[in-house]
Structure formats: C-alpha cells, structure tokens
There are 2 protein chains.
Amino acid sequence: MTAPVVVVGGDAAGMSAASKFKRDAPDRELVVFERGQWVSYGACGLPYYVKGAVETLEDLVSVTPEEFVEERDIDLRTNHEVTAIDRDDRTVTVEGPDGEFEQSYSDLLVATGARAVEPPLDGMDKDGVFTLHSMGAGADIRRALGVETPSVDSREAAADYADAESPESVGIIGGGYVGIEMAEAFAERGLDVHLFEMLPHTLQPFGAEAAATVEDHLREEGIDLHLDTAVEGIRGDERVSAIAAGDADVPVDLALVGVGVAPNTDLAEDAGIEVGETGAIATDEYGRTNDDHVYAAGDCAEATHVVTGEPDHVPLALTANRAGRAIGQTLAGDPTPVGEIAGTAAVKAFDLEVARTGLIDEERATEAGFDPVSVTITAPSRAHYYPGGSAIEITILGDRESGRVLGASMVGREGVAKRIDTVAAALHAEMTAHQLSYLDLAYAPPFSPVWDPVLTAAKVLEGKL
Amino acid sequence: MTAPVVVVGGDAAGMSAASKFKRDAPDRELVVFERGQWVSYGACGLPYYVKGAVETLEDLVSVTPEEFVEERDIDLRTNHEVTAIDRDDRTVTVEGPDGEFEQSYSDLLVATGARAVEPPLDGMDKDGVFTLHSMGAGADIRRALGVETPSVDSREAAADYADAESPESVGIIGGGYVGIEMAEAFAERGLDVHLFEMLPHTLQPFGAEAAATVEDHLREEGIDLHLDTAVEGIRGDERVSAIAAGDADVPVDLALVGVGVAPNTDLAEDAGIEVGETGAIATDEYGRTNDDHVYAAGDCAEATHVVTGEPDHVPLALTANRAGRAIGQTLAGDPTPVGEIAGTAAVKAFDLEVARTGLIDEERATEAGFDPVSVTITAPSRAHYYPGGSAIEITILGDRESGRVLGASMVGREGVAKRIDTVAAALHAEMTAHQLSYLDLAYAPPFSPVWDPVLTAAKVLEGKL
C-alpha cells in the first residue's frame, strides 16, 4: 500500500489542496495536520469581526472541520502539529493530543502559512498589546474592548481585563492593510485611534499617490496619523499606557501591532527545503520545492510574478487557494501549474476603496529591467450628469520600450475594488497601454463614463510613453 | 490650398474625430456639419432625464457648441444638413439656414448615427405616442408627463397637452435597453407601466438567463410584463387610448416605442458607399469605406467583432467615441485602427445591474464556427460573512475545441456592471476558460469572495469543456 498524501496546515492552501485531491481521486488517501483548532478560516475577516460587522468567529469559517470530514471525506486532524520532516524516509513527525508519532507520505504539501511579525520593541509583552495573528487574537481584542464574545471558543487564555478601565484609545503600529482596517474597526467601536507608520506613507504596496488620498480621508474620519514616525517602544507598567515615538509619548489604552507577516519556513528549512531570496519557500511552476515529493503553497511559499517573471512573495488569500487547488489536482494525476501572481489587492478604508495590481513602484520596475513611466489621472465613476458619482484616481505604470502596462493603483468612493481586475487581466495578457486603451469596456450612465477611467488612464499613459 | 476634412454629424463619433484631429493637426482645416442643434449629447442619459435624476437636457451635453468652437477651434455648423455626397468631385451638398451650398473635402467622415426604428403599426402617429430618438423627444415626454421643463429649447414643436388628462399609465413597446430604462423612469413618475416584448424575453442581447432574472425583478417592482406578445396596433382617436396586443386591448394614456435603432446610411448609400450584411456602412480596420477618402464611424458603421473576427453592428457610445478618435488621429497623419468590439454593455434595471460581453447566444456562436458550451453559476458579491452582499448570476460561454471564452452575461444587485470588463479583457486577449480562471483578481471581504465570481464561472466552464 502506498503512503498517503500529507498536508501540513489546514487553512486556505492546505484545505483547497485536500478538497481538490479528494474530489479528483476519491479512492486515494490523504491526511491533513493542523496545529490549531480552526481550519479554512477567513483571517481577512478579523478586522470586521472586531468592528462588529461580523458577529462570531464561527461566521468567518467557510467550511467546518466536521464538513471536511463528513462531506469531503478528508482525514483532517486538528490540534496536530508537524514538528519535523524526514525526506529520506518520507515521514513527518507529528505531535497530537495523544503524543508524538511518525506518519509516512507519498507526497507532502507544506502549507504552514505566515505569522504576524513581532518587531523587537520594548514592551511588546505588556498587557493590552496585540497582534492580529490568529482567530484567538481576534477574540482577545474584542474582550479587551469589553465586547461580549459569547460563542468564542479560543484556544488561548484571554487576559483578564475585569480590572481594566474600558479602553478609550488605541495605538496601531503599522499602516498596512491590517492597520488601516483595524483603524476603521476601532473607530467604529468609539476609540480614539493613533496610527503609526515608519514610512512617509501608509499602504506601501498601493503607492504614494493612492496612499496620500487614503490618508486625507483617514484624517477626515478622525484618525490621528503619525507618518514617517518610528515607534521606539511601548510604555507602561504591566499594561500599555503609551506609544513612544519621535519626541513624545502618545498615551493609549491599547496597542495593536501590524507590521507585516513572515512566512513560516522553519519546518521546511530544517528539512533542507530551499527558500528563495524573498525568504519564502522556493517553488517551481507546479508548486514543487527542491524535493520532488515536497510541495509548498500559500503564505509560506513564493510564486512567479506575472510582470517580472521572477519569484515573489505576496501572501494573499486567492494565491493560497489557487495554488492549493492546483497542487491537489497535480497530486491527483493531472499536472496543473499554480498560476502567476500580479499582487492584485483591494482594501476598504472607511468610505474609500483602494486597489492595486502589478508593479507600481518605479524603483522596483527599474530593478526588474523596465524603463518605467507613470501617470496619475482622475476620472468620474459615473456619467458626468448621473447623480451620486465621485472621482476615481488612477496611477498607472508602463514600460517606455515595450509600451507594456506594468501595474496600476486606484482609489475612490465607488467602482474601484473590482475595476482593478481589468488591469490585472491586461497584465496577464501582457497588453500594451495602447491595447488596454482600446478594450471594449462596459458603459452605462449609472456605472461609468463612456470612456471608462481605466481606458482614460491607459490613453494618457500611452501619450507619455 | 487643400480642401478641409469634412465631418457629417456632430455627436459622439463626429465630435471625437474633430477634437482629436484639431488637437493633433491644429493648423489644418476641418468643418463639422450637424443637422440638429445639439452636439456631443448623451442620448444614453435621456431615460434619466425623463425619470428626473437629470434636471435639464443641457446637463446631458458634455461639451457645448460654443466650447467646441472657442476652446477646440472646431468649425462647427449646427442646423446644417448634408444632403448629398459627390465622390468624384469630393464635395458635399449642404442645406443650412441661409440656403444650399457645396463644400469640398479632402477626406470625409460619415457619422450620421442611427435612428429609432418606427415599426409599421397602426396608430404610430397618434398623440401621446413617442420614440426616444432625440433630445427633443425627451423634452416632449417630460411635457406629456406634466413635468416642468423650463430650460428646454427643443427644435420640435411639442404637442399641446394642455387639454389632456395627466397620464396615469404607459405602454412601452419593446423590452430592450430603452424599454427597461424607461420602465424605471415612468414608474418613478408614478405611472402604471405595461411593457410589451414580442420575444419570450426582454434584453435579448443579454441572453435568456439574465433576462429572466431581470423580469422577476421588474414584476416585483410592479411592471406589467407582456412577453411573447406581438403588439398589433395603437388604439385611440386622436390620442392613444390602448395598446392592442394578443387577445386584448390594454388601456394606456401614453405609449413609448423602443424597438431598436437602424443605421442612417441613406446619404452614404446614395453616393455608392457600400453597406455590409448588417445594413450598416462597411469599413476596414481604419474606419475607411470602399472610397479611400470616405470614412464612417459610430452608430451608422460596422466594426469588427473581437470574437468572431467578422463585421458587426453594435451601436454603442464607446464604439462611436473610440472610432471617431482613431479616425481623427489617422486623418491627422498617424494611422490608427478603430479597434475591435466585444458588444460589451451594461444596463440598470431598478435595483439590478445587468451586463454582457462577447457571444452569448449559442446559435450565433455555432454560426461563427464555434462549438459552444454554456454554464450558469451563482456566487456571492462579497465574502460570505460580510454583511450586505447579494448573489451574482453569471452565464459564460466557451468553445469546446479551443477552450476559448466566447462571452458572458451577469446580473445582480451590486458589482456587476464593471465586473463584466474582466471578461471583456479576456475576450480581447483570446483567453481560454483555464487562463481566465487563473487570473489574479482582487479580493477583499467587502467587495468579493476569495474566488471572484468570474473565476468561479471560468472554473466551472473549464470543467464542462
């Protein structure tokens, strides 16, 4: 009897692989080990859970462990941590509730995800300091806000805030997706929000133009922005009482640290699996590592960027789901590439939608061998006469030599988040600015001007190339 | 001295051509003849003008005649009708307010647009029967509804409704864009609306699946649908009193006829300019007719369909603007193809958005040489846990042999009108269903599930090909 396929990690990549594998090869064996209790959860939804738009953590789960077992016939073991890989013997060491054991594998998928980076700041261990690294952390934050969280079944012991004053202010360290979304969540809960960003702008992957527009809006919404400001430490006795940054201490009752994520590669690296320059696990177009029987997917793995053709690490949900699914299909006998990434992303910031795809940063585009040209335009979201429209600002980057579109960012009150997809499709098709400007896109007065803003941006870019 | 470029028709195609030409070749001469008084007007906005979302007809105008003359240095002659083309002498005959004259041209652009089709029905000439063929018609309808239209300066004598009762019901003949948009406009004005459609479904270009969903919604909104119902005539003495259809007369106080548009080709045909099988003026990729010095663009002209590669006639605003602009650029010395069309379109029907692109009709796809396969899926517009989402229904058509995507339609309460653009881009790039399913599209809980509905549709289509 051949050994089963083994999957390490039960979130997006792992469960997508398991589901696709069992659908395509129902008679073959597969085991998933997940060290936590939650599988297939929408970590991207945690800010909305803290905000209160989502009621319970269970609401974030798209498929429960029971459903994976009963409906998809997947041998899923939660609370099982894989602690070592022996590639010569093709076995993994597993620590479960009943002790340690060895499990042999025919093929192995490493889908160990990423973790919140914990910066080396004084005071990170004080009470009232959080990262948003897990479902349990989401519940802890709600408790710290004094919000009832009845159905929460967190593995982690929540700190005891019975004695704590109800918090009135929060310092968010880091102005990325999580920082921006949590700013909205905390503001909705009535807290004064201080957002600290080391760089001159928030939302670094979205470019300075889009970020500046978002920052104006955040200020309108009452967020205290501290840009270009390195946090030096978190002050307080047992509990956080202030963020030390620049010349002054900013008093706060809570702190949320969201300075990015790092791929969980220790398990793979200890077994001699190679990581790439990005620090994530290096893979080929099928998601295979330097070991033919070991695959990697999701937030722990690299993927090929569609514009540069180079390995990149952009930990996002679709990339994980897609690569997992492709690897499941490959392991079931139908070799399927994991697909290329454009780093397409969207985020809501209060009343604004912000989106990006491809290369936006001129420096990075130059490093990748392009001669980048960038333009920023503003165009209306609806026909000029149709009520309720607003401005969409688009920054688009092209290559002077080839005329190719390299990437774009957008920001506006409506029609932004999915409009970026048109540019993403153009990147996959390696379209020039001219070709993009000649796409036959939809027009109707309530939804777009005759020349869609994307077409206008492409036209202006073409004129400058 | 060389003769000027002459443009016949001052709407989207004509004024786009004139503007681009004068921008690129400011020292060369160009004359635009427009038989009406309005130029560059948003006819697509007329239903919203009738509804009251747009206050005045002037609001629909994007650039006024004065602005064209003063800011863009265009020799624009409104109220001038071109009545004949002499291709041997390269002159046109023009009838203006001061009589008839000849105008020589170096190159000629025919941008005569389209007209509302008037079906051969008894009673079309009765009072209270309208087509939405012009700005003046929009004003007339508002007057017939008893709505004050202070700033309207219509060329056409408005019928005198001083004696007429305030209308309480309307019969709309034709369930295309105009019919659906006008149903919403009349309902907003408090009228009982009867919508008559000869075919089994409204919105024929959007396919039966999307149309059926729209029809359910129209009924919810109180519209009386008469599908599969040929109108036999319009009853009444001087004024319309009923629509005769099927076995019964349906009493109505007004009638709006919107059964499609036909290209205005008489002027060109009389001069020996060829029309294609669609009935519109045949053109090459630069918009040139069978006469090297005569171009045609906009609603009167054919364009090449991006999926079939064949000439097609889909009179839409972007096609007209784009072709006009390209021809202006060509005439200024930079040969520029007019671009291919996918028939991409969107329409609002009360609370629904409906959109389409490419080939949706299996019969037509078969005629074009494809072996079509179609699937219909339903997917959520937001992450499953994010409040306020709704279902998006997508029908997507692919070719069994090549795997290519041929077209798609979508309907839903949000996120539809511009989501179709992703599929339109895929059509331009000749993507397969597999390629479309592997695009890196944006995900954020408020705007999309992880797998965008377009990706899901493409995956399901791929599985069936």
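Could you check the spin-label model distance between B:D228 and B:R413? Points 7 Å from the Cα along Cα→Cβ, value in nm.
3.0
Please state, as a whole number in µm²/s, the translational diffusion coefficient that the Stokes-Einstein equation yields for chain A at 20 °C and 1.002 mPa s, with Rh defined as the Kirkwood radius across alpha carbon pairs. Can you show the working numbers first?
Values: Rh = 23.6 Å.
It diffuses with D of about 91 µm²/s by this estimate.
Going through the stretch B:52-108, which GluC sites (Glu not before Pro) have at most 11 other Cβ atoms within 10 Å and a DSSP loop state?
Values: sites: B:E55, B:E58, B:E66, B:E67, B:E70, B:E71, B:E81, B:E95, B:E100, B:E102; in loops: B:E55, B:E71.
Here the sparse-neighbourhood loop sites are B:E71.
What is the Cα centroid distance between the stretch B:427-465 and the stretch A:296-316, reported in whole angstrom?
The stretch B:427-465 and the stretch A:296-316 have Cα centres spaced 19 Å from each other.
Convert each backbone phi in the stretch A:436-451 into a coupling constant with the Karplus relation 6.51 cos²θ - 1.76 cosθ + 1.60 (shift: θ = phi - 60°), then list the ³J(HN,Hα) values in order as whole Hz, x for Gly and Pro.
4, 5, 9, 5, 8, 9, 6, 10, 7, x, x, 10, 5, x, 4, 8
Please list, short to long, the whole-number percent of alpha-carbon pairs of the stretch A:273-415 in consecutive 5 angstrom bins beginning at zero.
All Cα pairs, binned at 5 Å, distribute as 2, 10, 15, 16, 15, 14, 12, 8, 5, 2, 1, 0, 0 percent.
Write down, largest first, the equivalent ellipsoid semi-axes of the stretch B:228-301 in whole Å, where each equals the square root of 5 times an eigenvalue of the alpha-carbon gyration tensor. Before the final figure, lay out each step's value.
On the way: eigenvalues 331, 30, 19 Å².
Ellipsoid semi-axes (Å, largest first): 41, 12, 10.
Where the centre of each part is set by its Cα atoms, how far does the stretch B:1-67 sit from the stretch A:199-231, in angstrom?
The stretch B:1-67 and the stretch A:199-231 have Cα centres spaced 42 Å from each other.
To the nearest whole number, what is the average tally of beta carbon atoms from other chains within 10 Å of the beta carbons of peptide A:447-456?
Working: counts 9, 5, 4, 12, 6, 4, 1, 3, 4, 0.
Average neighbour count from other chains, rounded to a whole number: 5.
Net charge within 10 Å of B:G388 by Cβ-Cβ distance, Lys/Arg positive one each and Asp/Glu negative one each, not counting B:G388 itself? List each step's numbers first, then the result.
Details: positive: B:R382, B:R413; negative: B:E414.
Charge balance near B:G388 sits at +1.
Once the other residues with Cβ under 9 Å from the Cβ of B:H305 are scored (Lys, Arg +1; Asp, Glu -1), what is the net sum?
Around B:H305, the surrounding residues sum to -3.
Principal axis lengths of the protein assembly as shown from Cα atoms, whole Å, largest first?
97, 64, 53
Calculate log10 I(q)/I(0) of the stretch A:1-136 for q = 0.19 Å⁻¹, where I(q) comes from the Debye formula with a single equal point scatterer on each Cα and nothing for solvent.
These q points yield log10 I(q)/I(0) values of -1.11.
Where the label is 7 Å out from Cα toward Cβ, how close does A:D237 come to the same position in every other copy, in nm, shortest first?
So the label point of A:D237 gives 9.6 nm to the other copies.
At a Förster distance of 60 Å, what's the computed FRET efficiency of B:D270 paired with A:E221, Cβ-Cβ distance as r, to 0.05?
Numbers: r = 63 Å, r/R0 = 1.05.
The formula returns an efficiency of 0.40 here.
Let me know the volume per residue of the alpha-carbon convex hull for the stretch B:94-145, in Å³. Don't jump to the answer; show the numbers that get you there.
Details: hull volume 7.7 nm³, N = 52.
Spread over its residues, the Cα hull of the stretch B:94-145 gives 148 Å³ apiece.
Using a 7 Å offset from the Cα along the Cα-to-Cβ direction at both B:T378 and B:R400, what is the distance between the two label points in nm, to one decimal?
2.8
Counting only other chains, what is the mean number of Cβ atoms within 10 angstrom of the Cβ of each residue in peptide A:312-323?
Values: counts 0, 0, 1, 0, 5, 7, 11, 3, 1, 4, 8, 0.
Shielding by partners across A:312-323 averages 3.
What average number of partner chain Cβ atoms lie no more than 10 Å from the Cβ of the residues making up A:423-434? If you can, show how the numbers build up before the last one.
Values: counts 4, 6, 16, 4, 3, 10, 8, 1, 3, 0, 0, 3.
Mean number of neighbouring Cβ atoms from other chains: 5.
Averaged over every viewing direction, what's the projected area of the C-alpha convex hull for the stretch A:351-464? Give it in nm², one decimal, please.
Details: hull surface 25.9 nm².
That works out to 6.5 nm².
Consider all pairwise Cα distances in the stretch B:118-259 and report the whole-number % of them above 21 Å.
On the way: 3943 of 10011 pairs.
The answer is 39 percent, as a whole percent.
Give the nm distances, rounded to one decimal, from A:E58 to the matching residue in every other copy, measuring between label points 7 Å along Cα toward the beta carbon; shortest first.
6.2
In the structure displayed, which of B:K348/B:K418; A:K20/B:K459; A:K459/B:K348; A:K464/B:K20; A:K418/B:K418; A:K459/B:K20 lie more than 18 Å apart, Cα to Cα? Write out the running numbers ahead of the final one.
Details: B:K348/B:K418 12 Å; A:K20/B:K459 12 Å; A:K459/B:K348 27 Å; A:K464/B:K20 16 Å; A:K418/B:K418 7 Å; A:K459/B:K20 13 Å.
Too far apart for the 18 Å limit: A:K459/B:K348.
Give the whole-number value, in cubic angstrom per residue, of the convex hull volume spanned by the C-alpha atoms of the stretch A:247-343. Walk me through the numbers before you get to the answer.
On the way: hull volume 14.9 nm³, N = 97.
Residue-normalised Cα hull volume stands at 153 Å³.
Roughly what % of DSSP beta bridges within chain B run antiparallel, to the nearest 5? Each step should come with its number before you reach the end.
Numbers: 56 of 88 bridges.
For chain B, the DSSP antiparallel bridge percentage is about 65.
Every number in this text was worked out from the coordinates using simple rules, so none of it is lab data. In this text the structure is predicted, and so the values were computed from the model without any measurement. So basically every Cβ, Gly included, is an ideal-geometry build from the backbone, and we count neighbours across all protein chains shown.
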